[in-house]
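Heads up, the thing below is written out as structure tokens.
The values are calculated or read from the model by the stated rules, or taken from the named source; none is laboratory data. Everything quoted here is computed from the prediction, not taken from an experiment. We place every Cβ from the backbone using ideal geometry, glycine too, and count neighbours over all the protein chains shown.
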Amino acid sequence: MKALKKLLGLCCLVSMSLVIAACSSGESSAKKNGTDFPKKSIELIIGYSAGGGTDVVARHVIEAANKHMPNGQSIVAVNKPGGSGTIALAEIMKAKPDGYKLGSVTTGNLAIQPNYGKTPYQSDGFIPIAQFNSAQNLLVVKADAPWETYEEWLEYVKKNPGKFSYSTAGAGNTQHLAMEALNIKEKIQTKHVPFDGAAPGITALLGGHVDGAVILTQEAKQHTDSGALRVLANMGTTELSEYKDAAFLKDQGYVGLDTWSGVVAPKGTPKEVIEILQEAFKKGLEDPELKEKFKKIGLEPAFAGSAEFAKNIKESNKITNDVAEQIGLKK
């Protein structure tokens, strides 16, 4: 009986130690930075509709990062679609720089849209916290579409200028630039139909309201796995074994455009707050459960910290600006 009591007592001590250790790991980054941040929940504003690629990625990362947030606090996703993701970022630009309101960013709303001179912010107008991933753009059609291959599709659009309509997650974003660049290269004409996010654009395609779409790998996977959509072309910079039957346009002299996503904070946010958030996102992206969720949607984490992410944003801003000028989207 005494031995049993000792064993039970030891088990209790071990359990308490594990709980304390778990709490301490979340608090360690805050304490070493000399701050008690965060004291309340944090909003991460997503400028696209729920269910789209950016939204899905952000929510997966938030869930994983929350396991490593100090003081038992958490990050909460809030969707505010509109203006190809620029409305939400405009709100972040004006937010109090205290770390309690963050912005979900993509190549589209942060690196590309400022090139057109219509946003109240520039691509360097925020403090990057972390990059989440980088994904390829895909040209897709319904599985019962008359085009089995990219070559068949290309022959059709050349003979029928302006008839093929396609959806994207917003005007002037990476997917729009990708198709317009293809229009210039192949001397074809297509009709762009922008939506506030990929999800409604895909719904329009499945409903027969548009003929095709340019979407990201994670947005395509569910629908290609189910047999609803067919990938005609990979418009990114990296070949995909999953879509080996699709044309890899970079091999045909096409520029190739990818889309990354990540998170930023308003300018003026304290360095120690940025470091705490960056650490939580970094650990979240290393989480095996997160990696498995990404794998199921055709992605891999591509973490970049604040400094590296800033370089990626600057590079993307220049490349897409050059493309926009070449295809006449920027006057």
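Quick notes on this structure:
- Looking only at region 163-173, and only at residues there that are over 19 Å from Ala50 (Cα atoms) and either assigned by TED's automatic domain parsing to the domain that holds Ile319 or not aromatic (Phe, Trp, Tyr) (or both), the one that is farthest from the chain's Cα centre (by Cα): Lys163
- Phe281 closer than 12 Å to Val61 by Cα and modelled with pLDDT of 95 or more: yes
- Comparison of Lys291, Lys282, Lys244 shows that the only residue that is over 21 Å from the mean Cα position of the chain (by Cα) and of a type in the set (D, E, K, R) is Lys244.
- The condition of being crowded, with 22+ Cβ neighbours inside 10 Å and under 17 Å from the mean Cα position of the chain (by Cα) holds for only one of Val210, Val263, that being Val263.
- Residue check, Gly197 farther than 20 Å from Arg59 by Cα and of a type outside the set (Lys, Arg): no
- Flag if Leu249 is touching a helix residue (DSSP H, G or I) at 6+ places or on another chain (Cβ under 6 Å), surrounded by 15 or more Cβ atoms within 10 Å (Cβ to Cβ) and either touching a residue at least 60 places away in the same chain (Cβ under 8 Å) or not assigned by TED's automatic domain parsing to the domain that holds Ala280 (or both): no
- Of all the listed residues (Glu155, Glu180, Glu151, Glu186), the sole one being under 20 Å from Thr224 (Cβ atoms) and charged (D, E, K, R) is Glu151.
- Top-ranked residue in region 69-79 [being within 16 Å of Leu44 (Cα to Cα) and touching a helix residue (DSSP H, G or I) at 6+ places or on another chain (Cβ under 7 Å); ranked as surrounded by the most Cβ atoms within 10 Å (Cβ to Cβ)]: Met69
- On the stretch given as region 212-266, residues that are at pLDDT below 90, under 21 Å from Ala111 (Cβ atoms) and part of a loop (DSSP other than H, G, I, E, B) total 5.
- When Ala90, Ala130, Ala181, Ala171 are screened for being in a strand (DSSP E or B) and either more than 21 Å from His223 (Cβ to Cβ) or among the β-branched types (Val, Ile, Thr) (or both), only Ala130 passes.
- Qualifying residue in region 135-149 (condition: of a type in the set (Ser, Thr, Tyr), touching a residue at least 60 places away in the same chain (Cβ under 8 Å) and outside the structural domain of Ala310 (by TED's automatic domain parsing)): yes
- Unmet requirement for Pro161, which otherwise passes all of (1) out of contact with any Lys or Arg (no Cβ under 6 Å at 6 or more places or on another chain); (2) in a helix (DSSP H, G or I): (2)
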